[in-house]
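Here is the structure we will look at.
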Amino acid sequence: MNYYLSSLKFNSMMKAFLPLLFLAACSTFSFAQTATLPQPPSIKASPVIVKIKTTGLDATGYAAYLKMTTAIIMIDTTIKVSPKMAYMSIDMHGITGSSLAEMLAGNTYFWVTDKKGTNIKIGDKFLKRIKSAMETNDINFTAKIPFRIKTDIKNEYTVRFRWESKDRKKLIDFTVTK
C-alpha cells in the first residue's frame, strides 16, 4: 500500500514538473530576427558608447558598457548551410564587461536593406558562435548574417547587427555597407 501511495505522489509531482521543465528548455533558445522589427535609432549620442575598431570591410561599430579589442568583418561564401547565400561575418574578439551566460541569454537582431533603404526579409539561418576563455573571461562572438545571393555582387546592401543584454543596458551594434 505504501508503494502505491508513493508512486501516486511521484506521478503527480512529475505531472506538475514536466510543463515547467518544458518552459525552461524553450526559454533558453535564442533566435535572431530579420526585418520584423524597425531598426533602432543610432546609438552614437550616448556618453557610454565606445567606438569599436574594425578590420576587413568598412564598417562602423559601437558598444555600450562593454569593451572589445577588435572586430574582423568579411563576406563568407564558404558556408555549407545554404550554399546559395553569402554571409556577412562579424568576428568579435576580446569582449570584456560581460559574462558568457549573459552573452548567451542576450537578444540578437539583424536587418538587411537594399540601396533604396527597403527592408529585405531573409529566410536563411543566422549563425552565431559564442565562446569564452576561463582564464581571462574574454568572450569571442562570431555572427554570420545571410544578406544576399552569392552571385548578386553588383547590388549594394546594408547589414545592421545588434546584440542586447536581457536588461537592454549592454549592447553591440554594427552597420556594414557592401
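The values are calculated or read from the model by the stated rules, or taken from the named source; none is laboratory data. Values in this document were obtained by computation on a predicted structure and should not be read as measured data. Methodologically, a virtual Cβ is constructed for each residue, glycine included, from the backbone with ideal geometry; neighbour enumeration extends over all protein chains shown.
For region 110-138, the set of residues classified as surrounded by 11 or more Cβ atoms within 10 Å (Cβ to Cβ) and within 17 Å of residue 89 (Cβ to Cβ) consists of 110, 111, 112, 122, 124, 125, 126, 127, 128, 130, 131, listed by residue number. Cβ separations smaller than 6 Å between residues 6+ apart or across chains give the following pairs from region 92-110 residues that are over 14 Å from residue 140 (Cβ atoms) to residues that are acidic (Asp, Glu): 106/164; 107/164.
Sort out for me the strands (runs of 3 or more DSSP E) sitting completely within region 1-102 that have 2 or more residues that are at pLDDT 65 or above and small (Gly, Ala, Ser).
Strands (runs of 3 or more DSSP E) meeting the threshold: 59-64, 85-95.
Quick one: which residue in 167, 152 is under 18 Å from the mean Cα position of the chain (by Cα) and of a type in the set (D, E, K, R)? One residue alone meets the criteria, 167. How about region 129-143: which of its residues are hydroxyl-bearing (Ser, Thr, Tyr), in contact (Cβ under 8 Å) with a residue 12 or more places away in the chain and more than 17 Å from residue 105 (Cβ to Cβ)? Once the filter is applied, which keeps residues that are hydroxyl-bearing (Ser, Thr, Tyr), in contact (Cβ under 8 Å) with a residue 12 or more places away in the chain and more than 17 Å from residue 105 (Cβ to Cβ), region 129-143 yields only 142.
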